[in-house]
Amino acid sequence: MTARKERQGGRSAADFLPEKFTIPELQKASRSCEGCDLYKRATQTVFGEGSPRARIMLVGEQPGDKEDLEGRPFVGPAGRILAQGLTKAGIPRENVYVTNAVKHFKWIPRGKRRIHDKPRMSEIEACRPWLEAEIAVIKPLVVICLGATAARALMGPKFRLMENRGRVFEPFWAPWLVATVHPSSLLRLQEHEERMRAFQLFVADLKKAASLLGRESKSMEEAEPVL
Ligand code: URA
Ligand code: SF4
């Protein structure tokens, strides 16, 4: 989790970081990022957003078509599923900061539509300084990775999502990390029952992540000195 420029042959978002690390400053600076080629075909940078006091950070993959046009994360169909999942899991929106591993929309044309194209590992790495900066500013207690791209961005390219979803990790840079599926994977399921089942598993992972917050306040109570 370091913004090592060497890996991208000297090019990454690290060259565009502002001096002052606040979310507004980072967001402003990210607008002119040319840390990889993805800015060339996207409408705009889609930075993270949410409460500066959020205790949960949700990390998606990259903005979709709607996000690219609006300039905000998770405002399209995947965002609707995510919002439903958060509600079901009892996670208030004020408690979350939402962002993506990659800040520009990568797409290929299909007819008149722009279809999502998976970011390469080199693009994920080039963009990671933004994500690292967001984590440094927000200092979330729990990071929830939505899908394999986010999980690989933060846990390394060997991370296996299906083996590790719902497990609680303790990376050195945050108290807890939980990975789950990307909400858009639910949209791809055709059968109603299969979709409902997948949604329940998704909600269970979110609940597991949220339950860690309770664990923290408990351990803080327990840690009170007896004078
Ligand atoms: N999918 C993502 O991963 N992020 C978004 O912001 C929207 C869709
Ligand atoms: Fe910069 Fe990330 Fe956009 Fe690449 S995808 S240009 S690194 S903001």
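Considering only residues in region 68-84 that are crowded, with 23+ Cβ neighbours inside 10 Å, away from ligand 2 (no atom under 13 Å from the Cβ) and of a type outside the set (Phe, Trp, Tyr), the one that is farthest from Cys127 (Cα to Cα) turns out to be Leu82. Quick check: anything in region 95-105 at pLDDT below 95 and either within 15 Å of ligand 2 (Cβ to nearest atom) or under 24 Å from Trp173 (Cβ atoms) (or both)? Yes: one or more hits.
A single entry from Ile135, Ile91, Ile124 fulfils the requirement of being away from ligand 2 (no atom under 16 Å from the Cβ), among the β-branched types (Val, Ile, Thr) and open to solvent by less than 20 Å² (accessible area, probe 1.4 Å): Ile91.
Here Leu38, Leu17, Leu58, Leu26 are screened, and the one residue that is in contact with a His (Cβ under 6 Å, 6 or more places away or on another chain) and surrounded by 20 or more Cβ atoms within 10 Å (Cβ to Cβ) is Leu38.
Within region 21-43, residues that are closer than 18 Å to Ser122 by Cα have Cβ atoms under 8 Å from residues that are open to solvent by 70 Å² or more (accessible area, probe 1.4 Å) in these pairs: Gly35/Arg11; Gly35/Asp15; Cys36/Arg11, counting only partners at least 6 apart in sequence or on another chain. Among residues of region 94-119 being under 22 Å from Ser32 (Cβ atoms) and among the basic types (Lys, Arg), the one that is least open to solvent (accessible area, probe 1.4 Å) is Lys103.
The values are calculated or read from the model by the stated rules, or taken from the named source; none is laboratory data. None of the values given here were measured: they were computed from a predicted structure. With ideal geometry, Cβ positions are generated from the backbone for all residues, glycine too; neighbour counts draw on all protein chains shown. Note: accessible area is taken over every heavy atom of the protein model, side chains too, but ligands, DNA and RNA are not part of it. Shrake-Rupley method; radii C 1.70, N 1.55, O 1.52, S 1.80 Å.
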